[in-house]
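The values are calculated or read from the model by the stated rules, or taken from the named source; none is laboratory data. What you are looking at is a predicted structure, and each value in this text was computed from that prediction instead of being measured. Cβ: placed from backbone, ideal geometry, glycine included. Neighbour counts: every protein chain shown.
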Amino acid sequence: MHFVDEFRDPDKATILVEEIHRLVQRIPLARHRPLQLMEFCGGHTHTIFKYGIEQMLPRSIELVHGPGCPVCVLPMGRVDDCVAIAERDDVIFTTFGDAMRVPGSRKSLLQAKADGADVRMVYSPLDALEIARSHPYQQVVFFALGFETTMPATALTILTARQQKLKNFSVFCNHITTLPTIKAILDSSDMELDGFLGPGHVSMVIGVEPYLFIAEHYHKPVVIAGFEPLDILQSLWMLVKQLSEKRCEVENQYRRIVPDQGNREALSAINEVFEIREYFEWRGLGSIDHSGVRIRNPLAEFDAEQRFSIPNLSIADPKACQCGEVLKGVIKPWQCKVFGKACTPETPLGSLMVSSEGACAAYYNFGKLDNEPLMEAAKEIV
């Protein structure tokens with residue numbers, strides 16, 4: 001397939017793996033402990049497992065799986081708020097598919113649907129807007145979540161609703177921001193990271209410059225990475241090359257998609273519609289300052305939090321679930337006591353087993369693969 005196969009070429013993968021093995025031998029730190037390289041984005045995590053990339057790398061490199069999955073970090077209390085809105089008789093509640101199975105303290109949205117709530121899966125907020133136009137006598141709520149990647153679509157949908165003067169459409173805003181989360185991870189006393197794979201889709205919106213503080217203040221190299229296996233391998237090679245040369249810079253491997261300045265039109269829409277929250281709660285991570293956004297007051301008529309009465313309670317995760325430690329990269333999913341036992345994709349206790357970008361789902365679905373074509377190509381090196 002043109003424009004895909006060239007990013008999955010085993011011969012090119014072999015060359016990159018050889019270079020990574022060669023370069024890591026030049027790094028003194030790697031002789032004492034594995035280099036800790038975090039891929040922030042859950043999309044990267046799934047590529048790494050699907051193609052067996054972790055098994056290709058030298059043992060002196062350890063990949064740490066970060067919290068870059070917006071469904072995974074959704075706190076249980078916010079799911080309860082969704083269910084409370086959805087169970088109203090006058091509401092059609094719309095959401096992306098991943099979010100339907102995230103467990104709340106009582107039930108998930110999928111269970112609320114089974115119990116009679118009008119919960120509908122949509123592919124974009126504009127689908128929800130169309131439902132609002134088609135059902136003028138019902139309140140239609142869109143469950144907005146995601147990092148900066150999905151913020152522009154929500155913002156433009158709200159602006160369209162204002163332009164069309166729709167009175168029965170609102171948004172339950174759970175959008176979160178990337179950079180305060182990375183800062184919280186770097187400030188964590190139980191984390192020791194040596195470099196980052198930057199999220200490609202987020203960077204498509206915000207650009208390269210916002211990551212400079214990681215290199216300049218924390219002295220950690222960053223490489224913004226694409227999502228195909230060769231993207232990941234090239235980005236890891238770029239990170240290891242920086243470490244071997246004692247450099248700390250922000251580099252952009254994903255230049256075919258990510259402009260250095262980001263998407264100005266998208267950023268303009270985000271700034272018009274949203275403002276930063278003082279704090280926002282993350283599942284397993286607690287409250288992180290300035291890590292979420294809310295709808296600005298001039299557009300308050302489209303804010304479901306102001307339109308409806310919701311519980312707005314902080315609910316702790318089940319004690320057996322170790323989502324927080326996995327999200328911070330402190331433990332691997334398989335080290336969680338309930339992984340693959342009480343917690344499976346069919347019966348998830350935590351959101352990391354639900355989402356298509358969740359680290360636990362990646363381990364569960366791909367963790368036992370050992371014969372991927374790219375691994376075969378690199379087998380002799382490893």
Under 6 Å by Cβ, and 6 or more places apart or on different chains, what pairs join a residue from the range 333-347 that is among the aliphatic types (A, V, I, L, M) with one that is loosely packed, with under 15 Cβ neighbours inside 10 Å? Val338/Ala320
Within the range 25-48, is even one residue modelled with pLDDT under 95, in contact with a Pro (Cβ under 8 Å, 6 or more places away or on another chain), buried (at least 22 other Cβ atoms within 10 Å of the Cβ) and assigned to a loop (DSSP other than H, G, I, E, B)? no
Return only the number of the condition from (1) hydroxyl-bearing (Ser, Thr, Tyr); (2) under 23 Å from Pro210 (Cα atoms); (3) modelled with pLDDT under 95 that Ser309 does not satisfy. (2)
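Do we find that Phe196 is of a type in the set (Phe, Trp, Tyr), closer than 14 Å to Met38 by Cα and buried (at least 23 other Cβ atoms within 10 Å of the Cβ) in this structure? Quick ask: steps written out before the conclusion?
Numbers: of a type in the set (Phe, Trp, Tyr): yes; closer than 14 Å to Met38 by Cα: yes; buried (at least 23 other Cβ atoms within 10 Å of the Cβ): yes.
Against the criterion (of a type in the set (Phe, Trp, Tyr), closer than 14 Å to Met38 by Cα and buried (at least 23 other Cβ atoms within 10 Å of the Cβ)), Phe196 qualifies.
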Within the range 54-68, count every residue that is surrounded by fewer than 24 Cβ atoms within 10 Å (Cβ to Cβ) and either assigned to a helix (DSSP H, G or I) or acidic (Asp, Glu) (or both). 3
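For the range 118-145, how many residues are surrounded by fewer than 21 Cβ atoms within 10 Å (Cβ to Cβ) and within 30 Å of Cys321 (Cβ to Cβ)? Walk me through it before giving the result.
Quick first cut of the range 118-145, residues surrounded by fewer than 21 Cβ atoms within 10 Å (Cβ to Cβ) only: 118, 120-124, 126-127, 130-131, 133-139.
Checking which are within 30 Å of Cys321 (Cβ to Cβ) leaves us with 118, 120-123.
Looking only at that region, the number is 5.
How many residues, within the range 302-335, are under 19 Å from Ile270 (Cβ atoms) and charged (D, E, K, R)? Break it down into steps so the answer makes sense when it comes.
Step one: filter the range 302-335 for residues under 19 Å from Ile270 (Cβ atoms), giving 302-305.
Checking the rest, the ones that are also charged (D, E, K, R) come to 303, 305.
Going through the range 302-335 one residue at a time, the tally reaches 2.
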Counted residues in the range 227-276 being in a helix (DSSP H, G or I) and either modelled with pLDDT under 95 or among the β-branched types (Val, Ile, Thr) (or both) come to 4
Any residue in the range 57-68 that is within 9 Å of Leu35 (Cα to Cα) sitting within a Cβ distance under 6 Å of a residue that is charged (D, E, K, R)? List the pairs, counting only those 6 or more apart or interchain. Leu63/Glu54
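So which residues in the range 271-282 are in contact with a strand residue (DSSP E or B) (Cβ under 8 Å, 6 or more places away or on another chain) and within 17 Å of Leu299 (Cβ to Cβ), if there are any at all?
First pass over the range 271-282, keeping only residues in contact with a strand residue (DSSP E or B) (Cβ under 8 Å, 6 or more places away or on another chain): 273-282.
Correct list: Val273, Phe274, Glu275, Ile276, Arg277.
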